[in-house]
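For reference, the structure is listed below as structure tokens.
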Amino acid sequence: MNRTLVIVGASYAGVQLAASAREYGFDGRIVLLGDEPDAPYQRPPLSKAYLSGAFSEARLPLRSQAFFDEERIEWMPSVRATYIDRARHEVELHDGTRIGYTHLALTTGARVRKLDCPGAKLDAVHYLRDLRDARRLAQAARSARRAVVIGGGYIGLEAAASLRQMGIDVTVVETEARVLARVASPWMSEFMQRAHELHGIAFRCGRKVVTVQPERDAVSVVLDDATHLPCELVVVGIGVVPNTEIAAECGLTVTGGIAVDECARTNDPAIVAAGDCASFVPHWAPADSRACRVESVQNANDMAKTAAATIAGRPEPYRAVPWFWSDQYDLKLQMAGINTGFTHHVVRGSVEEKKFSIFYFRDDALIAVDSINRPQEHMLARKLLAKDAKLTLNEAQDSAFDLKGATQ
Ligand SMILES: Cc1cc2nc3c(=O)[nH]c(=O)nc-3n(C[C@H](O)[C@H](O)[C@H](O)COP(=O)(O)OP(=O)(O)OC[C@H]3O[C@@H](n4cnc5c(N)ncnc54)[C@H](O)[C@@H]3O)c2cc1C
């Protein structure tokens with residue numbers, strides 16, 4: 001059979017994998033299957049500038065149709081892969097047809113975790129994962145006066161900021177004691193919550209939603225301390241669930257995500273996986289760490305490149321420095337590295353002026369840097385981490401110290 005790469009999932013990881021496979025010399029057929037009707041698009045603006053109306057839909061696509069044509073990538077919209085026949089090397093589609101493959105890539109991403117309480121299915125309850133969600137939410141936001149955001153993670157806080165900028169009164173409900181508890185240090189959580197409060201957002205941390213009650217022309221979000229929060233709009237951002245069913249059904253190993261090694265290989269040599277759906281032991285974690293998934297554009301793109309190199313017969317371990325960003329109001333938060341297990345931290349710059357970075361160290365090794373409105377410092381931090389550069393706490397804190405020099 002001629003070489004055919006079938007990619008299931010047409011978003012960041014799928015599109016990058018197709019592009020990189022071509023770049024690395026894969027000359028066979030490439031079929032990119034996506035179950036969404038829209039051309040592959042950027043998700044981050046959906047909770048940020050797209051929601052507040054400052055980013056038009058025309059700017060969302062990741063690549064033009066001309067790109068797919070030139071690279072001979074057969075992108076197929078509204079096509080769902082339903083079964084993988086590993087013995088025959090075929091993928092079955094929702095209409096029963098089958099496509100044969102020599103190489104298969106799973107880039108199926110993740111879907112939102114649904115609210116599980118009475119009233120969760122009311123029309124006023126919204127999620128934010130895909131463009132259809134975002135269109136529906138943006139439409140509803142136009143006539144809302146009050147919103148309750150359930151979940152104080154990145155999606156929840158970004159949605160809260162966008163809605164607030166549209167003049168809507170917003171309350172954020174978070175079960176943990178602080179916002180961004182899973183992904184940010186206590187100092188960054190405190191700084192971000194304060195920034196939201198200064199914009200007039202109310203927080204209910206350490207509280208659970210027990211029900212969403214219909215009311216006349218509105219709903220009421222009821223908390224476990226019996227507080228009622230009346231509103232026209234509820235936005236739920238309580239995390240995602242990886243799309244692993246298709247992998248599990250055909251016997252691939254699934255450990256919280258589709259299990260892959262450092263070259264993005266599953267336990268079937270013909271199948272790779274990348275992006276939000278894939279779980280792996282990251283190179284930055286201690287050797288005995290458990291596999292985990294990483295949900296970011298950087299990870300989807302860089303893992304896809306790793307998977308493409310494997311398919312092209314040039315396997316290279318995934319070693320990219322993880323990074324992430326979030327835009328809320330006038331704050332650009334950028335994170336490089338992972339600060340898990342840090343023992344020391346120092347602040348460089350001015351918190352009052354909203355221009356600073358926090359450098360995290362594990363013993364004497366720099367492991368992560370969070371920056372607020374310091375994009376150049378963020379880029380330097382990525383270089384420092386990639387180089388494993390030696391930096392002392394004093395140097396990191398000293399604004400006069402030449403960070404650029406330390407990257408050379
Ligand atoms: C609102 C929002 C804001 C975000 N902001 C940021 C940010 O600021 N910075 C950042 O780094 N990250 C951000 N993220 C996360 C980032 O978008 C994800 O990490 C990234 O989209 C993961 O890409 P992926 O290709 O792995 O998966 P996904 O983007 O989830 O794409 C998977 C695709 O596969 C499709 N699919 C699944 N199963 C099948 C099947 N069986 N057949 C066919 N198609 C299938 C899905 O419908 C989907 O289109 C944000 C996400 C959202 C939703």
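The values are calculated or read from the model by the stated rules, or taken from the named source; none is laboratory data. Note that the structure is a prediction, hence the values are computed from the model and not measured. Here the Cβ positions follow ideal geometry from the backbone for every residue, glycine too, while neighbour counts run over all protein chains shown. Heavy atoms of the whole protein, side chains included, go into the accessibility calculation; ligands, DNA and RNA do not. Shrake-Rupley method; radii C 1.70, N 1.55, O 1.52, S 1.80 Å.
Taking into account only those residues within region 311-363 that are of a type in the set (Gly, Ala, Ser) and within 13 Å of the ligand (Cβ to nearest atom), which is nearest to THR102 (Cα to Cα)?
Of everything passing the filter in region 311-363, ALA320 is nearest to THR102 (Cα to Cα).
Pairs needed: first member in region 312-324, outside the structural domain of ALA336 (by TED's automatic domain parsing) and among the hydroxyl-bearing types (Ser, Thr, Tyr); second member anywhere, at pLDDT below 95 and in a loop (DSSP other than H, G, I, E, B); C-beta distance under 7 Å; at least 6 residues apart or different chains.
Hits for this filter: TYR318/HIS283.
Could you list all residues from region 95-119 that are within 12 Å of the ligand (Cβ to nearest atom), in contact with a helix residue (DSSP H, G or I) (Cβ under 9 Å, 6 or more places away or on another chain), in a strand (DSSP E or B) and open to solvent by 20 Å² or more (accessible area, probe 1.4 Å)?
Of everything in region 95-119, just one residue is within 12 Å of the ligand (Cβ to nearest atom), in contact with a helix residue (DSSP H, G or I) (Cβ under 9 Å, 6 or more places away or on another chain), in a strand (DSSP E or B) and open to solvent by 20 Å² or more (accessible area, probe 1.4 Å), namely VAL112.
Would you mind telling me which numbered condition in (1) within 30 Å of ASP370 (Cα to Cα); (2) more than 14 Å from the ligand (Cβ to nearest atom); (3) touching a residue at least 40 places away in the same chain (Cβ under 8 Å) GLU176 fails?
With respect to (1) within 30 Å of ASP370 (Cα to Cα); (2) more than 14 Å from the ligand (Cβ to nearest atom); (3) touching a residue at least 40 places away in the same chain (Cβ under 8 Å), GLU176 is out only on (3).
Restrict the check to region 72-90 and report whether at least one residue is within 18 Å of the chain's Cα centre (by Cα), of a type in the set (Val, Ile, Thr) and within 16 Å of the ligand (Cβ to nearest atom).
No, the conditions are met nowhere in region 72-90.
Quick grid of which residues meet (1) within 30 Å of GLU23 (Cβ to Cβ); (2) charged (D, E, K, R); (3) open to solvent by less than 60 Å² (accessible area, probe 1.4 Å):
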residue	(1), (2), (3)
ASP330	no, yes, no
SER357	no, no, yes
LEU384	yes, no, yes
GLN397	no, no, no
GLY405	no, no, yes
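Determine which member of the set LEU62, LEU46, LEU51 is within 8 Å of the ligand (Cβ to nearest atom) and under 19 Å from the mean Cα position of the chain (by Cα).
Being within 8 Å of the ligand (Cβ to nearest atom) and under 19 Å from the mean Cα position of the chain (by Cα) holds for just one of LEU62, LEU46, LEU51, which is LEU46.
Could you please give the count of residues in region 1-27 that are among the β-branched types (Val, Ile, Thr), within 17 Å of MET303 (Cα to Cα) and either touching a Ser or Thr at 6+ places or on another chain (Cβ under 8 Å) or part of a helix (DSSP H, G or I) (or both)?
3
Okay, residues lined up against (1) open to solvent by 10 Å² or more (accessible area, probe 1.4 Å); (2) within 18 Å of ILE271 (Cα to Cα); (3) touching a residue at least 60 places away in the same chain (Cβ under 8 Å):
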residue	(1), (2), (3)
GLN16	yes, yes, yes
SER20	no, yes, yes
GLY34	no, yes, no
GLN65	yes, no, no
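Right, THR310: open to solvent by less than 30 Å² (accessible area, probe 1.4 Å) and either aliphatic (A, V, I, L, M) or modelled with pLDDT of 95 or more (or both) or not?
yes
Restricting to region 37-53, and then to whatever is of a type in the set (Ser, Thr, Tyr) and closer than 16 Å to HIS126 by Cβ, can you tell me which residue is surrounded by the most Cβ atoms within 10 Å (Cβ to Cβ)?
SER47
Being open to solvent by less than 70 Å² (accessible area, probe 1.4 Å) and under 21 Å from PRO286 (Cβ atoms) is the filter here, so list the residues in region 341-355 that pass it.
Listed by number, the residues that qualify are GLY341, PHE342, HIS345.
Would you be able to tell me the number of residues in region 252-283 that are within 16 Å of the ligand (Cβ to nearest atom) and either modelled with pLDDT of 95 or more or open to solvent by 50 Å² or more (accessible area, probe 1.4 Å) (or both)?
Matching residues across region 252-283 total 19.
Conditions (1) without any contact (Cβ under 8 Å) to a residue 40 or more places away in the chain; (2) assigned by TED's automatic domain parsing to the domain that holds HIS103; (3) among the aliphatic types (A, V, I, L, M), marked per residue:
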| site | (1), (2), (3) |
| --- | --- |
| ILE258 | no, yes, yes |
| CYS277 | no, yes, no |
| VAL281 | yes, yes, yes |
| GLU295 | no, yes, no |
| GLN298 | yes, yes, no |
| MET303 | no, yes, yes |
| ALA307 | no, yes, yes |
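Report, by residue number, each residue of region 244-259 that is within 16 Å of SER289 (Cα to Cα) and touching a Leu at 6+ places or on another chain (Cβ under 9 Å).
ALA259, the sole residue that qualifies.
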